Amino acid sequence: MALSLVHTKGHAVPIDSRPHHLTPFQRLWQLLRPEWPDISVIAIFSVGIGLLALSIPITVEALVGSVQGGNTAMTQQVIVLAVILLICLLLAGAMRAWSQYLAEFFQRRLFVRIVSDLADRLPRVKTQALDGYHGPELVNRFFDVLTMQKAAAVLLLDGLAVVIQGMIGLAVLAVWHPYLLGFNLALLISLMFLIWALGYGGVQAKITESYAKYAVAAWMEELIRHPHTFKTVDSQTYASDRADRLTVDYLLARQDSFQILFRQIVFGIMLQALASATLLGLGGWLVIRNELTIGQLVAAELIVAVTVGSLIKLGKSIESYYDLMSAVDKLGHLLDLETERCEGQEPHVDGPASLEVRDLSFSYCGRGGVNRASFRIDPRERVALTGSPGSGKSTLLALLQADRDPDRGVIRLDGIDARQLSLDAYRQRVAAAGVCEVFDGSILDNITLGRSCVTLNEARQALELVQLLEEVERLPEGIQTRLVTGGAPLSGSQADRLMLARAIAGKPGLLLVDDLLDRMEPELCRRTLAMLIAPDAPWTLVIATTRADVMAACQRVIQPSGAVR
């Protein structure tokens with residue numbers, strides 16, 4: 001169940017973290033199952049509201065019957081009926097208000113549950129699961145939570161009330177005369193035709209529309225993410241033309257989904273008119289034959305007016321249902337992302353780590369990657385990893401930091417097979433610095449990452465080791481300066497060093513540096529390298545580089561295949 005959580009080793013882990021392919025309705029059932037107690041209460045209230053709603057036609061029937069029978073105590077009876085009607089309507093109003101209150105808390109809990117699940121799930125998503133996707137654009141599907149909240153509330157409050165009130169009203173009609181029972185059956189068959197036959201393909205059409213909507217949003221993100229790319233006249237024209245094409249695709253998808261909804265609405269309006277006219281004719285004929293009283297006819301018209309008239313509202317409920325199914329489908333793109341394993345040993349090992357790689361292979365859909373790499377690195381050894389562009393240096397480091405799972409082969413850290421270790425334990429021993437991953441937060445937050453083992457002083461020491469402390473202290477708020485995603489107001493070089501400070505602050509046993517030194521100017525590279533390879537540095541070091549001076553400073557140079565140079 002995607003949102004049922006259990007706690008395992010400090011994580012709130014979904015019970016089933018494997019990818020699965022649920023239909024929107026199956027996923028909706030899983031999402032709503034924890035809310036079943038409140039949904040049941042709302043359903044019970046809807047039954048009560050439906051029963052109390054009959055107070056209007058029943059009191060009207062009683063009043064008409066009294067007038068028709070020549071009752072002399074009219075004033076007193078009208079007062080009694082009015083008081084009874086007032087009490088019934090107040091009770092129905094109280095139930096409706098309480099249902100609204102429960103629906104509000106249902107929406108809040110649904111939001112919290114999905115946020116909690118995604119906040120735990122997304123950091124643990126396998127890197128391979130995001131291959132072919134742009135992560136930030138994929139997370140845009142989260143905003144369908146709001147659609148899901150509103151649509152679910154509409155269906156619970158309005159849609160459920162329409163169905164229950166209609167069923168109760170039609171049941172009352174069936175009791176009055178067998179012909180009215182036949183009328184009910186014809187009406188129910190027509191409603192089934194409206195919902196299932198005319199609505200065939202509605203959910204899929206709405207999902208297709210949603211895909212087109214997110215394609216437009218993704219292109220808008222591309223435009224704002226690459227502002228300098230689209231500054232020229234030709235590139236602006238291209239951006240506008242592509243936006244136009246995507247907009248046309250959306251409008252066509254929107255038209256397809258609306259056509260299905262519109263034919264349901266039109267049929268509902270026609271059914272309302274036909275049912276009201278048919279009931280009037282049938283009821284009048286029964287009155288003429290003295291098989292139905294005038295009061296029952298008036299009450300029946302009121303019941304059908306409410307029941308069939310609600311078909312107008314049913315159009316809104318059907319649209320909400322389509323929106324709900326589409327939103328659930330989009331959330332499935334996030335909830336189905338395959339997550340990393342949580343089990344494994346958690347040995348407590350300190351000091352520089354040893355590393356052994358044997359017959360390690362990995363490929364991207366059968367192309368590139370690493371092919372049967374084998375080597376051993378002793379504790380506190382300083383090793384350079386080199387090779388031509390595309391030779392697999394970064395891929396090998398991604399495998400060594402457990403960012404990807406190898407296709408075959410073994411990685412042993414401190415003599416233990418990495419597959420037997422929990423990923424938490426493994427990553428406490430292994431740290432990597434390479435790709436700039438600065439998130440929206442303070443400089444201190446970007447170093448500590450919430451790790452209790454990294455204090456303020458240790459964060460400052462890490463900044464000092466990477467030659468960044470003085471530059472940070474010159475900022476108006478110092479180490480508490482807020483950074484935006486990407487690193488601003490830090491420069492690219494400063495952001496790279498911040499990534500290195502983050503890695504060394506946790507005192508890893510194995511430090512992996514991916515092309516970071518190659519991006520530095522020579523003097524800064526020399527000082528940073530001296531810090532990394534210092535004899536008292538408490539880590540084993542692997543540096544991916546193509547710089548001759550960096551390779552010369554290391555004790556050994558290997559290639560992604562494991563060959564020694």
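Read the figures in this text as sums done on the coordinates, not as results from a lab. Predicted, not measured: the structure shown is a model, and the values here were computed from it. Positions of Cβ are generated from backbone atoms using ideal geometry, with glycine treated the same way; all protein chains shown enter the neighbour counts.
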Query - Kirkwood estimate for the stretch 355-558, i.e. one over the average of 1/r between Cα atoms, Å - result: 17.5 Å
**Report entry** Equivalent ellipsoid dimensions for the stretch 186-343 as semi-axes, Å, which come from the Cα gyration tensor, largest first
**Finding:** 51, 20, 11
Query - Of the DSSP H helices in the chain, those whose Cα atoms cover at least 27 Å axially and whose Kyte score averages -1.0 or more - result: 74-121, 202-225, 233-288, 294-335
Query raised in the report: From the residues Leu423, Ala217, Leu463, which one has its Cα farthest along the dipole of the chain in the positive direction, the dipole being from +1 and -1 charges on Cβ of Lys/Arg and Asp/Glu about the Cα centre?
Result: Leu423
Query raised in the report: Considering only the chain, what is the antiparallel percent among its DSSP beta bridges, to the nearest 5?
Result: 55 percent
Report summary line: If N is the residue count of the stretch 455-565, its Cα Rg over 2.2 N^0.38 Å rounds to 1.12
Query raised in the report: Taking Cα pairs under 8 Å and at least six residues apart, what relative contact order does the stretch 18-335 come out at, in percent?
Result: 33 percent
Requested in this report: Can you tell me which of 51-58, 197-204 comes out highest on packing, and rank the rest after it, using the mean Cβ neighbours within 10 Å?
Outcome: 51-58, 197-204
**Report entry** From the C-alpha gyration tensor of the stretch 148-197, square roots of 5λ in Å
**Finding:** 26, 14, 4
Query raised in the report: Of Leu517, Ser452, Ser363, which is farthest along the charge dipole of the chain in the positive direction, counting Lys and Arg as +1 and Asp and Glu as -1 at C-beta?
Result: Ser363
Requested in this report: Return the inverse of the average 1/r over all pairs of distinct C-alpha atoms in the stretch 122-237, which is the Kirkwood hydrodynamic radius, in Å to one decimal.
Outcome: 19.3 Å
**Report entry** 5 angstrom amide H check on Val557, placed H, neighbours 5+ away
**Finding:** Ala384, Arg565
Query raised in the report: Arranged by the count of other C-beta atoms within 10 angstrom, fewest first, what order do Glu301, Glu35 take?
Result: Glu301, Glu35
Requested in this report: Could you work out the local net charge near Met499, counting Lys and Arg as +1, Asp and Glu as -1, over the other residues with Cβ closer than 12 Å to its Cβ?
Outcome: -1
Query - Furthest towards positive pole of dipole, Gln76, Asn140, Val175, structure part the chain, Cβ charges - result: Val175
Report task. For the stretch 46-188, take the alpha-carbon Rg, divide it by the Kirkwood Rh, and send me Rg/Rh. Result -> 1.26
Query raised in the report: With respect to the cross-link table entries Lys126/Lys316; Lys126/Lys330; Lys330/Lys507, which display a Cα-Cα separation exceeding 30 Å?
Result: Lys126/Lys316; Lys330/Lys507
**Report entry** Kirkwood-Stokes translational diffusion coefficient of the chain, alpha-carbon pairs, 10 °C, 1.306 mPa s, µm²/s
**Finding:** 54 µm²/s
Query raised in the report: Okay, helix-only estimate at 222 nm for the chain: each DSSP H run of n ≥ 4 adds -39500 (n - 2.57), divide by all residues, round to 500 deg cm²/dmol; what do you get?
Result: -19500 deg cm²/dmol
**Report entry** the chain - charge dipole about Cα centre, Lys and Arg +1 at Cβ, Asp and Glu -1, debye rounded to 20
**Finding:** 520 debye
Query - Cα coordinate range in the stretch 18-335, projected on the principal axes (Å, largest first) - result: 88, 36, 34
Query raised in the report: What percent does the relative contact order of the chain come to when contacts are Cα pairs within less than 8 Å and at least six residues apart?
Result: 16 percent
